[in-house]
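**Student:** Just dropping this structure here.
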Amino acid sequence: MSRHLINLKDLERGAIQELLHLTDRFVEVGQRSIPKVPALRGKTIAMLFFEDSTRTRLSFDLAAKRLSADVLEFPTRSSSLSKGESIRDTVETIQAMGVDGLVIRHSSSGLPREIADRVNDSVAVINAGDGLNAHPTQGLLDAYTLCQHFHTVAGPQASLEGIHVGIIGDVKHSRVARSDVHAYTSLGATVTLVAPKSLQPPNVQDWPVQISEDLDSVLPTFDVVGLLRIQKERMEEGLIQSVDDYVDRYGITEARAAKLRNEVVITHPGPVNRGIELAEAVLEHRDNVLINRQVTNGVPVRMAVLFRLLGSGVEID
Amino acid sequence: MADRERRMTPPYGGVFFARTTVLDAAQVQRALTRISHEILERNQGLEDVVLVALQTGGVEIARLIARRLFEIDGVDVPMGTLDVALYRDDIGLRPVMPEAETEIPVDLAGKIVVLVDDVLFTGRTIRAALDAITAFGRPRSVQLAVVIDRGHRELPIRPDFVGKNLPTRRDEVVDVNPEGVLLGEMRK
């Protein structure tokens, strides 16, 4: 039981299904001529993004506003943080202002949980991505996007049973991959990670997944091609030899895309390195590229999470 | 019985025990027939009329009214459903979850909306519904049809079409379904 959302690993399958079913409701709200409800009127949500983010931040912001909550944007660069105030002091300050929810992103794995352990009982902490650890709302929105694609809605018993998802790229440094794996496998999907040894996480044998280094041998078995963003630093660190080599082995090029069955869908948490993870032409012209759908779904998924934690009066179990 | 009623009436989630039958199946059907005629009469036909059923108790009732209206006037009145959980004024006071589908098939701007529910009690659900439907356009007018008006209003809201006025105690529970209306209470 928790009043926070820190990691999808804390949630049972049933709790994930409940959040996805609640998302169905907020998708409908988004289709109304006035897509805003008064459910969190009077609640204040602080956004603490200590790491760059565009879509997650905007998406949380819009979700909070569509629930009629007040949003406190915390400027992490110009604030007294740059004067050496600790994150702990900052959180204390914001809490003293009577905030109901803290949405936090930080490059340090585990920080949201530390904060959750310290805040008083009336505050809900929502992890918007911490280091390499977790990005629970991304995991939920990716799972929701697949449920929606395969079954139109999540429904009360959201399931990805019988779906084979490949997650391709820098799994080692990806919190999205960690949360996606948990969300997908909770719902019954089979997951195969595809990455060179250098980009596989150290304890990957403990993950509930299959692992491959050879994309071309497993690609025909995928129903979903889940791409991850490759960071340029990985090259400087010598974890991949060159962009060309990476594209050659792991990029969804036009040639590879041409071999995919039409119904195979492609996802990517964005922003896409065009021409690296995914060829420009595939991104622009192929049907069943769900990247925009993922962005769209970010809002109702985050509305569901915010409403569930701040408005429903029921803890997630 | 409406799940909403079950959740809102202490002891929450108890079991319903019926004490008296208020209306039998035939009486419910007659009441719905009369309400349907009254809707027609009040609006001089069915042009622009849209039925909006409150989840979950109003849905079956609204379907029956829609069928009657078709039998009487040959018009297929559009019908939508509305879950008002996100508009309630007691969010935070007790567990509130949107549990049923909201589906409004037409733009409500300029329409005559007839809200349909099984029981009218405090009026707070209807207050929330009035708020909610503004998100779907500005209706020309909004009317309210209920099978049972059980009193205890906490807001200045009144029904336009009523199956039966039923004096109740606050802690009693009214169970409405097409087979009859029962008065009883929740027990753990």
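The values are calculated or read from the model by the stated rules, or taken from the named source; none is laboratory data. This is a predicted model, so every value here is computed, not measured. Methodologically, a virtual Cβ is constructed for each residue, glycine included, from the backbone with ideal geometry; neighbour enumeration extends over all protein chains shown.
**Student:** Which ones in the range B:34-52 are out of contact with any Lys or Arg (no Cβ under 7 Å at 6 or more places or on another chain) and not hydrophobic (A, V, I, L, M, F, W, C)?
**Tutor:** Taking the range B:34-52 as the starting set, the residues that turn out to be out of contact with any Lys or Arg (no Cβ under 7 Å at 6 or more places or on another chain) are B:34-35, B:37-47, B:49, B:51-52.
Within the range B:34-52, B:34, B:37, B:38, B:41, B:42, B:43, B:44, B:45, B:47 qualify.
**Student:** Output the residues belonging to the range B:91-133 that are more than 9 Å from chain A (Cβ to nearest Cβ), assigned to a loop (DSSP other than H, G, I, E, B) and either touching a His at 6+ places or on another chain (Cβ under 6 Å) or not aliphatic (A, V, I, L, M) (or both).
**Tutor:** B:105, B:110, B:111, B:121, B:122, B:123
**Student:** Considering only the range A:136-168, state which residues are of a type in the set (Asp, Glu) and either surrounded by 18 or more Cβ atoms within 10 Å (Cβ to Cβ) or within 16 Å of the chain's Cα centre (by Cα) (or both).
**Tutor:** Within the range A:136-168, A:142 is the sole residue that qualifies.
**Student:** Here is a further query. Of all residues in the range A:8-35 being facing chain B (nearest Cβ under 7 Å) and part of a loop (DSSP other than H, G, I, E, B), which is nearest to residue A:70 (Cα to Cα)?
**Tutor:** Checking each candidate, the answer is A:34.
**Student:** Answer yes or no as to whether residue B:19 is surrounded by fewer than 18 Cβ atoms within 10 Å (Cβ to Cβ), farther than 24 Å from residue A:25 by Cα and of a type in the set (Lys, Arg).
**Tutor:** On the way: surrounded by fewer than 18 Cβ atoms within 10 Å (Cβ to Cβ): yes; farther than 24 Å from residue A:25 by Cα: yes; of a type in the set (Lys, Arg): yes.
So residue B:19 fits the description; yes.
**Student:** Can you find a residue in the range B:140-151 that is under 15 Å from the mean Cα position of the chain (by Cα), within 14 Å of chain A (Cβ to nearest Cβ), surrounded by 19 or more Cβ atoms within 10 Å (Cβ to Cβ) and assigned to a loop (DSSP other than H, G, I, E, B)?
**Tutor:** no
**Student:** Let me spell it out: the conditions are (1) out of contact with any Lys or Arg (no Cβ under 6 Å at 6 or more places or on another chain); (2) more than 14 Å from chain A (Cβ to nearest Cβ), and residue B:137 meets all of them except one. Which number is the exception?
**Tutor:** Residue B:137 satisfies all of (1) out of contact with any Lys or Arg (no Cβ under 6 Å at 6 or more places or on another chain); (2) more than 14 Å from chain A (Cβ to nearest Cβ) except (2).
**Student:** Which one is nearest to residue B:60 (Cα to Cα), of the residues in the range B:152-184 that are aliphatic (A, V, I, L, M) and not in a loop (DSSP other than H, G, I, E, B)? It would help to see each step written out before you state the result.
**Tutor:** To start, the set of residues in the range B:152-184 that are aliphatic (A, V, I, L, M) comprises B:155, B:157, B:162, B:166, B:173-174, B:176, B:181-183.
Still in the running and not in a loop (DSSP other than H, G, I, E, B): B:162, B:173-174, B:176, B:181-183.
Values: B:162: 16, B:173: 19, B:174: 16, B:176: 10, B:181: 14, B:182: 16, B:183: 19 Å.
This residue is B:176.
**Student:** Looking at A:277, A:233, which one is more than 18 Å from residue A:139 (Cα to Cα) and either in the same structural domain as residue A:56 (by TED's automatic domain parsing) or surrounded by fewer than 19 Cβ atoms within 10 Å (Cβ to Cβ) (or both)? Before the answer, list the steps.
**Tutor:** Details: A:277 fails: either in the same structural domain as residue A:56 (by TED's automatic domain parsing) or surrounded by fewer than 19 Cβ atoms within 10 Å (Cβ to Cβ) (or both).
The conditions single out A:233.
**Student:** Is it fair to say residue B:88 is more than 12 Å from every other protein chain (Cβ to nearest Cβ) and among the basic types (Lys, Arg)?
**Tutor:** Numbers: more than 12 Å from every other protein chain (Cβ to nearest Cβ): no; among the basic types (Lys, Arg): yes.
Criteria not met by residue B:88.
**Student:** Which of the following residues is of a type in the set (Gly, Ala, Ser), away from chain B (no Cβ under 14 Å) and in contact (Cβ under 8 Å) with a residue 60 or more places away in the chain: A:124, A:69, A:46, A:116?
**Tutor:** Values: A:124 fails: away from chain B (no Cβ under 14 Å); A:69 fails: away from chain B (no Cβ under 14 Å); A:46 fails: in contact (Cβ under 8 Å) with a residue 60 or more places away in the chain.
Result of the check over A:124, A:69, A:46, A:116: A:116.
**Student:** Considering only residues that are among the aliphatic types (A, V, I, L, M), in a helix (DSSP H, G or I) and without any contact (Cβ under 8 Å) to a residue 40 or more places away in the chain, which ones fall in the range A:259-317? Steps first, please.
**Tutor:** First pass over the range A:259-317, keeping only residues among the aliphatic types (A, V, I, L, M): A:260, A:264-266, A:272, A:276, A:278-279, A:281-283, A:289-291, A:295, A:299, A:301, A:303-306, A:309-310, A:314, A:316.
Within this subset, residues satisfying the condition of being in a helix (DSSP H, G or I) are A:281-283, A:291, A:295, A:299, A:301, A:303-306, A:309-310.
Passing the criteria: A:281, A:282, A:283, A:291.
**Student:** For the range B:15-41, what are the residues that are in a helix (DSSP H, G or I) and β-branched (Val, Ile, Thr)?
**Tutor:** The answer is B:28, B:33, B:35, B:39.
**Student:** Filter the range B:50-78 down to residues that are under 11 Å from the mean Cα position of the chain (by Cα) and outside any loop (DSSP other than H, G, I, E, B), then give me how many there are.
**Tutor:** First, the residues of the range B:50-78 that are under 11 Å from the mean Cα position of the chain (by Cα): B:51-62.
After this cut, where a residue has to be outside any loop (DSSP other than H, G, I, E, B) as well, the list is B:51-54, B:57-62.
Matching residues across the range B:50-78 total 10.
**Student:** Out of the residues in the range A:220-233 that are more than 10 Å from residue A:164 (Cα to Cα) and either among the small types (Gly, Ala, Ser) or outside any loop (DSSP other than H, G, I, E, B) (or both), which is farthest from the chain's Cα centre (by Cα)? Talk me through it step by step, then tell me what you get.
**Tutor:** Filtering the range A:220-233 down to residues more than 10 Å from residue A:164 (Cα to Cα) leaves A:220, A:226-233.
The next check asks that each one be either among the small types (Gly, Ala, Ser) or outside any loop (DSSP other than H, G, I, E, B) (or both); those that pass are A:220, A:226-227, A:233.
Values: A:220: 25, A:226: 12, A:227: 13, A:233: 21 Å.
Checking each candidate, the answer is A:220.
**Student:** Could you pull out the residue among A:117, A:52 that is in a helix (DSSP H, G or I), under 24 Å from the mean Cα position of the chain (by Cα), exposed (fewer than 15 other Cβ atoms within 10 Å of the Cβ) and not basic (Lys, Arg)? First the steps, then the outcome.
**Tutor:** On the way: A:52 fails: in a helix (DSSP H, G or I).
It is A:117.
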